[in-house]
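Each remark here refers to the structure printed beneath this line.
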Amino acid sequence: MRLWAIVPVKDFDAAKSRLGPTLDSEKRADFAKRLFDHVTAQLAQHPEVERVLIVSNSEAVRSHAVGRGCLTLEDPAAGSTLAEVVDSALGYAAAHGASHGLVLMGDLPRLSQRSLSLLTGALAEHPQVIAPDQHGVATNALGLRLPAPAGTAFGSGKSLELHRQRFPAALLIEDAELAFDVDDPQDFAALPPPLSEPVASEA
């Protein structure tokens, strides 16, 4: 299995706007970068992940990603939907030798080698794997044998439902580490240290 991990990322300065009541804009950008660094570090350490591909319309994000040893890809066009961005990245990975793609959101603070191994192990035996978010409506991870048999539904408010419809053979992986993402102040309050503490304590 030649597995490429794909992480779509918006500009750090524009990320996590719903954390406004908790963090100012500078701290939100710093927090988004910390989350990104955590996710990419876990991916880089995993033995089954051959390449980490970051797709973003932000030059700053792409530059930061290159410094962390990631490949980068610019969004296919201005105004592209998240699904179009992800589909383009999956096509790029397939064209460059990947047999499988694993799409992960960049705000998974509990992602670990254990939870990544759940995904990669399942993907070795199933054509697709899906990990839902903590609310059971969105998709935090989607693994696919390439080329993908259908387009993804990232960005939709019901992406989990749509992914299960489009990939009926997919194995659903419900795991607390994969399900927990950070969208609002309540999620931020539930963060384990050290991801929350440095941001919250900065002057």
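The values are calculated or read from the model by the stated rules, or taken from the named source; none is laboratory data. Since we're looking at a predicted model, the values are computed, not measured. Ideal geometry is used to build each Cβ from the backbone, glycine not excepted, and the neighbour counts take in all protein chains shown.
Within region 74-97, is there a residue that is in a strand (DSSP E or B) and touching a strand residue (DSSP E or B) at 6+ places or on another chain (Cβ under 8 Å)? Among the residues of region 74-97, at least one is in a strand (DSSP E or B) and touching a strand residue (DSSP E or B) at 6+ places or on another chain (Cβ under 8 Å), which makes the answer yes. Among the residues of region 31-58, the one identified as among the acidic types (Asp, Glu) and without any contact (Cβ under 8 Å) to a residue 40 or more places away in the chain is Asp37. When region 63-81 is filtered for residues that are modelled with pLDDT of 95 or more and among the hydrophobic types (A, V, I, L, M, F, W, C), the ones remaining, listed by number, are Ala65, Val66, Cys70, Leu71, Leu73. Surrounded by 14 or more Cβ atoms within 10 Å (Cβ to Cβ), under 12 Å from the mean Cα position of the chain (by Cα) and either modelled with pLDDT of 95 or more or not in a loop (DSSP other than H, G, I, E, B) (or both): is that true of Leu102 in this structure? Yes; evaluated as a whole, the condition is true for this residue. Restrict the check to region 61-68 and report whether at least one residue is among the charged types (D, E, K, R) and farther than 25 Å from Met1 by Cα. Yes, some residue in region 61-68 is among the charged types (D, E, K, R) and farther than 25 Å from Met1 by Cα. Applying the criterion of being buried (at least 17 other Cβ atoms within 10 Å of the Cβ) and more than 20 Å from Gly101 (Cα to Cα) to the residues of region 157-186, the residue that is modelled with the lowest pLDDT is Val182. Got at least one residue in region 136-147 being part of a helix (DSSP H, G or I) and buried (at least 18 other Cβ atoms within 10 Å of the Cβ)? No, region 136-147 contains no residue that is part of a helix (DSSP H, G or I) and buried (at least 18 other Cβ atoms within 10 Å of the Cβ).
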